[in-house]
Amino acid sequence: MSNWNVKFDGADPGLSDDFTLSFVDLDNIVKSENQFALTDKYVNEVLSFCENRNNYYVIGNIKEIISPRGTDFSDKKIYVLMGIHATSQKLGCLLGQYKDDGWLILGLWPDYFAESVKWFHKSLKIWLMDFIISPNDWKRVDVVIPKTG
């Protein structure tokens, strides 16, 4: 499977603790991208939770985004939505804004999450809705945005 590689800035200055996560390209999971588009309203709802809930955070530490074809997308509006569910299951979605009011899901992390969505497409919608319908079911949710400065 081809992947999107996202490099994150570590806690300490410099490169020593930077890390990269690979998100399975959605084209490897499903063939209809429009099936997994999100509205700006959804993204704004999650962002509002970051302002009002103690388990939702906005973190500005994306340093680099490389597409499966090797293109640098670091200058695009791409966010990572990651969560740790109360069951300790971790999952993440790479979201890219493609027009003023729409976002595409570009990739999924980790591999087992991508694989489960491949076999049961509706599970992605269930998990995404859980972020806003059941915020107390999450130990932690992060909206990771590009690093500024």
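The values are calculated or read from the model by the stated rules, or taken from the named source; none is laboratory data. On a predicted model such as this, the values are computed, not experimentally measured, just so you know. With ideal geometry, Cβ positions are generated from the backbone for all residues, glycine too; neighbour counts draw on all protein chains shown.
Numerical summary
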| quantity | calculated |
| --- | --- |
| Residue that is farthest from the chain's Cα centre (by Cα), among those in segment 122-149 that are assigned to a loop (DSSP other than H, G, I, E, B) and over 24 Å from Arg69 (Cβ atoms) | Gly149 |
| Evaluation of Ile133 against (1) more than 21 Å from Phe19 (Cα to Cα); (2) in contact with a helix residue (DSSP H, G or I) (Cβ under 8 Å, 6 or more places away or on another chain) (one fails), failing number | (2) |
| Segment 56-83, subset within 14 Å of Gly107 (Cβ to Cβ) and of a type in the set (Val, Ile, Thr), residue nearest to the chain's Cα centre (by Cα) | Val80 |
| Residue within segment 119-126 that is modelled with pLDDT under 95, in contact with a Lys or Arg (Cβ under 7 Å, 6 or more places away or on another chain) and of a type in the set (D, E, K, R) present | no |
| Residue that is surrounded by the most Cβ atoms within 10 Å (Cβ to Cβ), among those in segment 77-111 that are of a type in the set (Gly, Ala, Ser) and part of a strand (DSSP E or B) | Gly107 |
| Of all residues in segment 42-76 being assigned to a helix (DSSP H, G or I) and in contact (Cβ under 8 Å) with a residue 24 or more places away in the chain, the one that is surrounded by the fewest Cβ atoms within 10 Å (Cβ to Cβ) | Glu45 |
| Test: Trp103 is in contact with a helix residue (DSSP H, G or I) (Cβ under 6 Å, 6 or more places away or on another chain), touching a residue at least 40 places away in the same chain (Cβ under 8 Å) and not basic (Lys, Arg) | yes |
